[in-house]
Amino acid sequence: MRVVRRFGVSLLMIWMVMTITFFMIRLMPGNPIMDAYLSLLQQGVPSQEAMAQIHVLYDVYPNQSVLTQYVLYVWHLLHGNFGTSIVYAGRPVLPLILASAPWTLMLVSIGITISFFIGLFLGVLIALNRNTWFDNVMSQIASIFHGIPNYVTGFIFLYFFTVMLPWFPFGNIYGNTVTPGLNFPFIASVAYHSVLPIAAYVFGAFGTWTLSTKSAAVAVLGDDFIQADKIRGLTPGQQLDHLIHNSVLPLFTGFVLSLGMMFGGAVFIEETFTIPGLGYLIAQSTSQRDYPVMQGCFLLLSSAVILANFLADMLYSRIDPRIRV
Amino acid sequence: MILAASTASRQSRSSSLARIFLSRPIRVIGLAIIALYLFMAIFGPVIFPPSTALVANPAKVYQGPSWADPLGTDFQGVSVLAEIVLGARGVLMVGVGAAFFIVVVGVAVGLIAGFTGGIVDAILMRITDVFIAIPQFPLLLLVATILNASSPGLIILMLGLTTWGGLARAIRSQVLSLRERDFVEAARGLGLGTGTIALRVILPNMLSYVAMNFLVSITGAIYAEVGLLFLGVTPFTPDNWGVMLHEADSVAGALYTRKSVFYVISPLMAILLLQAGIIFILGGLDEVFNPRLRKTGATQ
Amino acid sequence: MLRCIDLVKQFRLQRGWSSVAITVLNHVSLSVGPNQVLCIVGESGCGKTTLGKTLAGLLPPTRGQVLVDEESLFDQRQKPVASAALKVQMVHQDPFSALNPVHTVYEELSLPLKYHHLVPARQITEECERLLTLTGLEPNAVLHKYPHELSGGQRQRVVLARALAVRPRYLIADEAVSMVDVSSRLIMLDLFLSIAEKEQIGLVFITHDFGLARYVAVDGTIAVMYLGRIVELGPTETVIHQPQHPYTQILLSSIPPLQAGEGFTVSKLTPKSFDVPSLELLPPGCGFEPRCPLAFGPCRQSPPSLTRLSQDPSHEVACYGTTTASAAS
């Protein structure tokens, strides 16, 4: 029953995001649609034709009432019609997004996973050695890295390892000599090009994982059952196993929530390394004011994060017997 | 009598404040870093008058550090140090302003939702959930592009509006747990009004949390602001760390020469150092607002 | 006079889709006058804390009334009436959680004084000092301290001083000394009694400890509570020496005597069971019937009501056994 309720809430939230986006673009000062329409008129385009052009670009007629525009907008979204790009003349938004999403998904998921395990390792290590110099130094370092924006780590890696030390290639996700497909040179090239962006993700995120693992593990260490493990004479390995199992659980929700953060970071990392992913698409459409693409990316990203939260919530209640209703 | 008592307590408070921050070397370092940034923000234009310091000098493009330009020069031959120092004011102003906005809105929404409960709570929390769930940076990009914001006030508003959700939810859950405590019930029994209970009884218990959030929000807002400029979204202000990064990335050809190292690294280090300074004093802040953590000297 | 008439308090518990109502207070009527002591005795879970909070205006009753000097404590919308509520103050059980951890003693005491403008602004410190002295504290030693810098006994005195700040006519003390060191309990009890006497305050003392109840309410009244009902009510010495309700008798016989032959043992009753029935599934008859060794027919039909004993009208008992027996005799 809780599943249905939570799912309903998620749908409600997606609808709210849709609505907020619509009104933000239509009603804020500097309404891009009216701007485009007026500038066409100024260029001497007859109003009928200007309106038709706007309709092609934005799927609305500027003289329709806001309510009609809104209903049409929702109707189109429900049919997967996110409008057409302005910059990539006439290309529908959805295929554009779907074509760039795989690169982002690949880099983000590898980045999250590696940083998660590094953070887990360091966090448990700090918790086991808490209140020593190791704890002090590592906790401060993790705090500084926690919340560092990806463009800082990305830029540093880019500059040092492609400019100062030209060890890694610069730009795009594969070299221009390979043919995309399931062949070894292509995969190798992708892997080679992925090292720096993934490193940038990892350095931007491991601090957060380290800190949350540490606090979870410290809390668990104080629990009676861990104390009892020692008394029962369990081997250090078994104790560690117990500790990690119980510390990972609270991190689970954070793991999913961080997806949203990571997609934000993708904008910077893909812009910095010129990777043709979702983040690059967002950055490019932003700087060129390609509203339909921006709006489409934003809606899909938000919906994906909201649904991921929903799934995490459901999974979490399965994993942790205490929340099961 | 009352005057004497309150000055006495104020004196002991300021002396314990000094003790808290000077007791650990790391906090002293943190304070020094923050003082340095404040100094740059306040006196920057005095040390490097923008009219002379930011003038391009084609003869000095991408020079290494020297006595005249301790951090070298950029692609126009302008001193990097001057750019960093002059950028501090704008960056700090937006950071502090946005953090202030976030704290005020977050605390207000959290307190109101936690205290009133019922339908008001439900509505406020659904709105908060949406703001938490939406990936913050893409939202910021969208808003910034639409608003085409260049004035600091508008950037502050934008950063604040997209970020207050997390704090609001955390404050609400703290209010929910604090209001079950006996001392809140006792305050109700003493006939204190809801406003007094919220602001004078419950809020002081959350001050250390709020203050920490304020500081952390400053760095977060600075990151976001610099990031927006880095992507070239908001219109340019001439001297800003984000603009430096943007130009390094896309205008200045800095990524094709090793000579630009100080130009590229300086704005990044400026951000990292400020972050470090704030992290270093966070522990002290907790002690200031949480009397239980304070080591009281000769009192008992 | 602080009176409650026919108080009923129900809580709703969520059980999946539906909710069940549990009755925590069941037709409770009690009264205490100025300078009198009423002691409510009962085991944990019997509703005595709920009763205390309702009397103090902190928890609105589901039905029934609380009257403070004949003024109703709750208005039509079940909100406490400020003027009446201030006259009844509660002293909480745990003096650590009852004090705001980030307030000094001065801030804690001055807040209600300032809020209600009880004394002119320039006399606030003076008034705080008077309150602290009244509760046996040295003002200079504690005024600017935080709760964590005080001992348990000192904290409890500050809680008492804060309650006295609004000049209440009645004090509700909920297990007020259970968190104080055993060695200073008696001193705390004497403090409560002497302040109540000095300020003409009516005292409602809630405890699980019959020995303590006897000490506090030596000239007062004892009410024995079980599962949300008052099962026996009468002058302290009468209840202790001639307990009528089997539950009271079992409670009294469970007090270990200091010397052989002492103690309150009146009869050697043993309960049939040690499990208190769940509030969600109360027996249809007397709440004590499942455990009562003397239960008989009527006890399983409907709960007995509190009835005056014919031989001693000051003594009331809710038990079919005693009331039918005394009626027969």
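Read-outs throughout are calculated quantities, based only on the coordinates presented, and are distinct from any laboratory measurement. Not measured: the values here are computed from a predicted model. In this analysis, Cβ positions are derived from the backbone assuming ideal geometry, glycine residues included, and neighbour counts consider all displayed protein chains.
Summary of values
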{"item": "Proxy reagent accessibility, fewest Cβ within 10 Å first, across A:THR84, B:THR162, A:THR274, C:THR270", "result": "C:THR270, A:THR274, A:THR84, B:THR162"}
{"item": "Assigned charges on the beta-carbon of Lys, Arg, Asp, Glu; chain C dipole about Cα centre (debye)", "result": "800"}
{"item": "Value of Rg/Rh across chain C [Cα atoms, Kirkwood radius]", "result": "1.00"}
{"item": "Loop-exposed trypsin sites (Lys or Arg not before Pro) per DSSP, neighbour cap 15 Cβ within 10 angstrom, longest uninterrupted part of chain C", "result": "C:78-267"}
{"item": "Gap separating the Cα centres of region A:113-185 and region B:102-168, nearest whole Å", "result": "30"}
{"item": "Farthest toward positive dipole pole in region A:93-324 [+1 Lys/Arg, -1 Asp/Glu at C-beta], among A:THR177, A:ILE97, A:ILE114", "result": "A:ILE114"}
{"item": "Qualifying lysines (Cα of each under 27 Å from Cα of A:LYS214; at least 8 residues distant if same chain)", "result": "A:LYS230, B:LYS295"}
{"item": "Inverse of mean 1/r across different Cα pairs in chain A, Kirkwood, Å", "result": "22.8"}
{"item": "Dipole magnitude (debye, nearest 20) for the protein assembly as shown, charges at Cβ of Lys, Arg, Asp, Glu", "result": "360"}
{"item": "Inter-centroid distance (Cα atoms) of region B:173-244 relative to region B:13-78, Å", "result": "28"}
{"item": "Backbone N within region B:49-64 under 17 Å of label point (7 Å from B:THR257 Cα along the Cβ vector)", "result": "B:56-64"}
{"item": "Under the span-like rule (Cα at least 30 Å along the axis, Kyte-Doolittle mean at least 0.5), DSSP H helices of chain A", "result": "A:2-27, A:93-128, A:184-221, A:236-273, A:291-319"}
{"item": "Chain C: relative contact order in percent, alpha carbon pairs under 8 Å with at least 6 residues between", "result": "18"}
{"item": "Those trypsin sites (Lys or Arg not before Pro) in region A:161-240 that DSSP places in a loop and that have at most 10 other beta carbons within 10 Å", "result": "A:ARG232"}
{"item": "Whole-number D in µm²/s for region C:87-152 (Stokes-Einstein; Kirkwood sum over Cα pairs; 37 °C, 0.692 mPa s)", "result": "261"}
{"item": "Efficiency of FRET between A:THR113 and C:ASP6 - r from beta-carbon atoms, R0 45 angstrom, step 0.05", "result": "0.10"}
{"item": "Computed lengthening from A:ASN136 to A:SER47, 0.36 nm per intervening residue step minus Cα-Cα distance", "result": "25.2 nm"}
{"item": "The protein assembly as shown: calculated mean residue ellipticity at 222 nm from DSSP helix runs of at least 4, using -39500 (n - 2.57)", "result": "-19000 deg cm²/dmol"}
{"item": "Leading residue at positive end of dipole, chain A (Cβ point charges), from A:GLN42, A:LEU299, A:ILE187", "result": "A:LEU299"}
{"item": "Spherically averaged projected area in nm², based on the convex hull that wraps the Cα atoms of chain B", "result": "20.3"}
{"item": "Distant-in-sequence amide H partners of C:PHE74 (H built 1.01 Å from N, under 5 Å)", "result": "C:VAL66, C:VAL81"}
{"item": "Potential extension, A:PHE121-A:ARG91 segment - 0.36 nm per residue separation minus Cα distance", "result": "6.2 nm"}
{"item": "Förster radius 56 Å - calculated FRET efficiency between B:LEU154 and A:LYS230 (Cβ-Cβ, nearest 0.05)", "result": "0.45"}
{"item": "Positive dipole terminus of the protein assembly as shown, leading residue within A:ASN309, C:ASN100, A:PHE145 (C-beta point charges)", "result": "C:ASN100"}
{"item": "Burial ordering of B:SER177, A:SER258, fewest other beta-carbon atoms within 10 Å first", "result": "B:SER177, A:SER258"}
{"item": "Virtual spin-label span in nm between C:GLU199 and A:THR179, 7 Å along Cα→Cβ", "result": "9.4"}
{"item": "B:VAL46-A:PHE160 FRET efficiency (beta carbon distance; Förster radius 35 Å; 0.05 resolution)", "result": "0.50"}
{"item": "Whole-number percent relative contact order across region A:93-324, with pairs defined as alpha carbons under 8 Å at least 6 apart", "result": "29"}
{"item": "Compactness relative to 2.2 N^0.38 Å, alpha carbon Rg of the protein assembly as shown", "result": "1.18"}
{"item": "Summed residue charge, Cβ within 13 Å of C:ASP6's Cβ, Lys/Arg positive, Asp/Glu negative", "result": "+4"}
{"item": "Lysines with Cα under 29 Å of C:LYS79, excluding same-chain neighbours fewer than 8 positions away", "result": "C:LYS9, C:LYS48, C:LYS53, C:LYS87, C:LYS114"}
{"item": "Cα-centred dipole magnitude for chain A, charges only on beta-carbon of K, R (+1) and D, E (-1), debye, nearest 20", "result": "600"}
{"item": "Span from the region C:135-171 Cα centroid across to the region C:40-92 one, whole angstrom", "result": "23"}
{"item": "Cα-based reach from B:LYS60 at 16 Å (exclusive), listing lysines while leaving out same-chain residues under 8 positions away", "result": "B:LYS259"}
{"item": "Loop-resident sites, region B:60-126, for chymotrypsin sites (Phe, Trp or Tyr not before Pro), counting at most 10 other Cβ within 10 Å (DSSP)", "result": "B:TRP67"}
